[in-house]
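These notes concern the structure reproduced below.
The values are calculated or read from the model by the stated rules, or taken from the named source; none is laboratory data. For clarity, every value in this text was computed on a predicted model and none was experimentally measured. Cβ atoms come from the backbone with ideal geometry, glycine included; neighbour counts cover every protein chain shown. When the accessible area is computed, the model is the full protein with side chains, heavy atoms only, and any ligands, DNA or RNA have been set aside. Shrake-Rupley method; radii C 1.70, N 1.55, O 1.52, S 1.80 Å.
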Amino acid sequence: MEIRKMQDIILIIDDAREDLDLFQAMLEQHGYMVTRAYDGQEGLQKIKEDSPMIVVSDVMMPHMNGYALLKEIRHDQTIAKIPVLIV
């Protein structure tokens, strides 16, 4: 089993499981470790726990949408520099 470095983690946040499955399958084929979250609140927690190299987030989600998530990320200096792709 290959041990991945923390910077190889990509966090995908989306409330649509089909989209999560698709993104995860594509990224894992290219050797990335993928973690998942189902809304912005869960995503924010996982960002703090996993320190992913990039976050891919849906815009429309329950509890906290992608724009609110991005605002929270940019206001927390410990995670503010993590790149975020909003789809």
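Taking each residue of region 17-42 that is part of a helix (DSSP H, G or I) and looking for partners that are modelled with pLDDT under 95 and open to solvent by 90 Å² or more (accessible area, probe 1.4 Å) with beta-carbon atoms closer than 9 Å, six or more apart or interchain, yields GLY40/HIS63; GLN41/HIS63; GLU42/HIS63.
Scanning region 42-52 for residues that are open to solvent by 50 Å² or more (accessible area, probe 1.4 Å) and touching a Leu at 6+ places or on another chain (Cβ under 9 Å) returns a single hit, LYS46. Can you say whether SER57 is under 12 Å from the mean Cα position of the chain (by Cα) and either acidic (Asp, Glu) or at positive phi (or both), as far as the supplied structure shows? No. For region 20-41, the set of residues classified as farther than 18 Å from THR78 by Cβ, out of contact with any Asp or Glu (no Cβ under 7 Å at 6 or more places or on another chain) and open to solvent by less than 70 Å² (accessible area, probe 1.4 Å) consists of PHE23, GLN24, ALA25, LEU27, GLY31, ARG36, listed by residue number. If you go through region 54-87 and keep only what is assigned to a loop (DSSP other than H, G, I, E, B), at pLDDT 95 or above and touching a strand residue (DSSP E or B) at 6+ places or on another chain (Cβ under 8 Å), you end up with ASP58, VAL59, ILE82, PRO83.
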